[in-house]
Amino acid sequence: MKGAALDTPHIAFVGAGNMASSIIGGLIASGHSATCITAADPFPASLERLRKSAPVAVYNDNAEAARSADIVILAVKPQIMAEATDSIAAVVRSNNAVVISIAAGVTIASMQARLGPEAAIVRCMPNTPALLQHGASGLFGNDNCSAQQRDFAQRVLSAVGITCWVDSEQELDAITALSGSGPAYFFLFIEAMIDAGQALGLNADIATKLALQTSLGASQMALQSDVDLAELRRRVTSPGGTTECAVQSFEQSGLRKIVATAMHAAADRAAEMAREMG
């Protein structure tokens with residue numbers, strides 16, 4: 001890797017949309033020098049928005065942005081991944097840069113076919129809370145990735161949340177079903193709670209505030225607790241009380257099976273997308 005000796009590697013972003021801007025913001029907030037970050041995007045408006053939020057160098061040309069890069073982050077839509085990888089292939093080979101893709105459904109094999117057989121590639125499945133530095137990302141790297149390159153990838157994604165490495169690329173489908181699509185599940189559940197609260201007589205504002213704060217508080221309790229979720233649930237479920245009645249209703253309605261079926265559907269679709277893109 002060209003910049004392997006550097007404690008602060010040069011990071012180039014191909015694509016300057018919301019996720020790229022969020023990662024850049026997280027990197028700078030964590031102490032990564034803005035002078036070691038570049039970004040490219042074909043849309044001037046995207047580059048202008050990025051420049052207003054972060055003092056990084058921006059380009060219209062992908063290869064120019066990646067010219068000195070140790071890490072190239074592909075933050076583009078899956079439909080233009082082929083074009084993006086072709087544009088940086090020569091620079092990646094010259095720099096021995098690690099490529100990190102955050103595009104859903106684009107396999108390492110399909111990227112390697114364009115970047116070259118020796119390319120070090122990490123696939124990442126982030127989720128939208130990364131926009132607020134509260135993301136959860138699954139990572140998988142091919143055998144060409146050195147320990148330092150894996151460390152670089154983890155440092156980049158840790159700037160916007162937690163990271164978890166998986167042992168096989170196929171596991172990213174499960175990551176997609178769990179944390180990638182997961183925020184939408186919680187939004188739906190919160191919507192349902194708000195609707196039910198209104199049906200019970202609360203106005204929309206009160207129902208919304210209470211449902212949102214309850215979800216936040218429950219998450220914080222789970223994150224900070226030294227016991228598992230089942231025990232936490234037991235501690236707030238008094239025998240014969242209101243919570244027990246509600247939980248029993250959920251269980252009798254097959255909530256666990258509903259969640260499992262939905263997540264299997266999401267994982268199957270992720271695998272199907274990979275086959276389509278491949």
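Name the single residue that is surrounded by the most Cβ atoms within 10 Å (Cβ to Cβ) among those in the range 136-154 being in contact (Cβ under 8 Å) with a residue 60 or more places away in the chain and not aromatic (Phe, Trp, Tyr).
Looking at residues that are in contact (Cβ under 8 Å) with a residue 60 or more places away in the chain and not aromatic (Phe, Trp, Tyr), I get ALA153.
Listed residues SER137, SER87; which is part of a helix (DSSP H, G or I) and either of a type in the set (Gly, Ala, Ser) or under 18 Å from the mean Cα position of the chain (by Cα) (or both)?
Working: SER137 fails: part of a helix (DSSP H, G or I).
On inspection, the qualifying residue turns out to be SER87.
Just to be sure before I move on: is GLU169 surrounded by fewer than 20 Cβ atoms within 10 Å (Cβ to Cβ), under 19 Å from the mean Cα position of the chain (by Cα) and closer than 28 Å to ASP268 by Cβ in the structure I sent? Explain how you work it out, then say what you get.
Details: surrounded by fewer than 20 Cβ atoms within 10 Å (Cβ to Cβ): yes; under 19 Å from the mean Cα position of the chain (by Cα): yes; closer than 28 Å to ASP268 by Cβ: yes.
In short, yes.
Whenever a residue of the range 180-206 is free of Cβ contacts under 8 Å to residues at least 12 places away in the same chain and within 24 Å of VAL259 (Cβ to Cβ), it has no partner that is in a helix (DSSP H, G or I) and charged (D, E, K, R) lying with C-beta atoms less than 8 angstrom away and at least six residues away or across chains.
Is the range 253-269 home to any residue that is within 30 Å of MET111 (Cβ to Cβ), touching a Pro at 6+ places or on another chain (Cβ under 6 Å) and in a helix (DSSP H, G or I)? No, the range 253-269 contains no residue that is within 30 Å of MET111 (Cβ to Cβ), touching a Pro at 6+ places or on another chain (Cβ under 6 Å) and in a helix (DSSP H, G or I). Scanning the range 92-106 for residues that are touching an Asp or Glu at 6+ places or on another chain (Cβ under 9 Å) and either assigned to a helix (DSSP H, G or I) or modelled with pLDDT of 95 or more (or both) returns ARG93, ASN95, ASN96, ALA97, VAL98. Residue selection: ILE11 satisfies the criterion of being surrounded by 23 or more Cβ atoms within 10 Å (Cβ to Cβ) and either closer than 21 Å to VAL122 by Cβ or at pLDDT 95 or above (or both). Kindly list the number of the only condition in (1) in contact (Cβ under 8 Å) with a residue 12 or more places away in the chain; (2) more than 24 Å from the chain's Cα centre (by Cα) that fails for GLN112. Every listed condition holds for GLN112 apart from (2). Does the range 243-260 contain at least one residue that is among the polar types (S, T, N, Q), modelled with pLDDT of 95 or more, in contact with an Asp or Glu (Cβ under 7 Å, 6 or more places away or on another chain) and farther than 30 Å from ASN142 by Cβ? No, the range 243-260 contains no residue that is among the polar types (S, T, N, Q), modelled with pLDDT of 95 or more, in contact with an Asp or Glu (Cβ under 7 Å, 6 or more places away or on another chain) and farther than 30 Å from ASN142 by Cβ. Of the numbered criteria (1) among the basic types (Lys, Arg); (2) free of Cβ contacts under 8 Å to residues at least 40 places away in the same chain; (3) in a strand (DSSP E or B), the one ARG123 fails is (2).
Scan the range 216-232 and give yes if some residue there is touching a residue at least 12 places away in the same chain (Cβ under 8 Å) and either surrounded by 12 or more Cβ atoms within 10 Å (Cβ to Cβ) or on the phi < 0 side of the Ramachandran plot (or both), otherwise no. Looking through the range 216-232, none of the residues is touching a residue at least 12 places away in the same chain (Cβ under 8 Å) and either surrounded by 12 or more Cβ atoms within 10 Å (Cβ to Cβ) or on the phi < 0 side of the Ramachandran plot (or both). Once the range 86-103 is narrowed to residues that are in contact with a Leu (Cβ under 9 Å, 6 or more places away or on another chain) and surrounded by 17 or more Cβ atoms within 10 Å (Cβ to Cβ), the residue that is nearest to MET277 (Cα to Cα) is ALA103.
The values are calculated or read from the model by the stated rules, or taken from the named source; none is laboratory data. Keep in mind it's a predicted model, so treat the numbers as computed, not measured. Glycine also receives a Cβ, built like all others from the backbone with ideal geometry; neighbour counts cover every protein chain displayed.
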